[in-house]
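I have placed the structure first, in the form of structure tokens, so that the comments after it can refer back to it.
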Amino acid sequence: MDTMSQPIRYLLLISADEDREKEIVDDDGLRRFHEWMADLERRGVLRAHEGLHPSRTATTVRVRDGDVLRTDGPFMETKDQVGGFALIECAGLDEAVEIAAGHPAARFGQVEIRPVR
């Protein structure tokens with residue numbers, strides 16, 4: 001990490017088709033994931049990382065005209081759902097892209113990179 005500039009925090013939103021989850025939890029997928037995590041820890045850029053329960057366990061809350069509306073399920077019904085996140089701190093967007101591209105789910109899903117305020 002460049003010590004001359006302030007590191008930037010990014011949230012990586014990891015999403016994919018939940019039906020393809022077995023591709024990340026098979027032996028090869030787990031090996032790649034553990035290698036990815038070990039690399040981030042070695043580099044000192046990982047701040048947090050968690051996986052999420054399936055989208056069918058989600059609850060969505062909206063407030064309209066003072067009424068709390070609670071709905072079972074995800075906010076959006078799409079094939080690809082957020083399955084986890086990582087909070088990283090690195091030199092800039094180029095490094096964040098390199099980190100995101102290394103996540104095993106990027107091979108069959110996507111990793112959205114969002115700068116943290």
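The values are calculated or read from the model by the stated rules, or taken from the named source; none is laboratory data. Note that the coordinates shown come from a computational prediction; the quantities given were computed from them, not determined experimentally. Glycine gets a Cβ as well: all are built from the backbone with ideal geometry, and neighbour counts include every protein chain shown.
Per-structure values
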read-out: Failed condition for Ser5, given (1) surrounded by fewer than 11 Cβ atoms within 10 Å (Cβ to Cβ); (2) in contact (Cβ under 8 Å) with a residue 40 or more places away in the chain; (3) part of a helix (DSSP H, G or I); value: (3)
read-out: When residues of the range 81-117 are limited to those that are closer than 13 Å to Leu40 by Cα, small (Gly, Ala, Ser) and in contact with a helix residue (DSSP H, G or I) (Cβ under 9 Å, 6 or more places away or on another chain), the one surrounded by the most Cβ atoms within 10 Å (Cβ to Cβ); value: Ala86
read-out: Which numbered condition Thr59 fails, given (1) surrounded by 15 or more Cβ atoms within 10 Å (Cβ to Cβ); (2) over 21 Å from His34 (Cβ atoms); value: (1)
read-out: Out of Arg31, Arg42, sole residue that is without any contact (Cβ under 8 Å) to a residue 60 or more places away in the chain, closer than 30 Å to Ser5 by Cβ, outside any strand (DSSP E or B) and over 17 Å from the mean Cα position of the chain (by Cα); value: Arg42
read-out: Residues of the range 22-34 that turn out to be exposed (fewer than 12 other Cβ atoms within 10 Å of the Cβ) and either more than 24 Å from Asp80 (Cα to Cα) or at pLDDT 90 or above (or both), as a count; value: 2
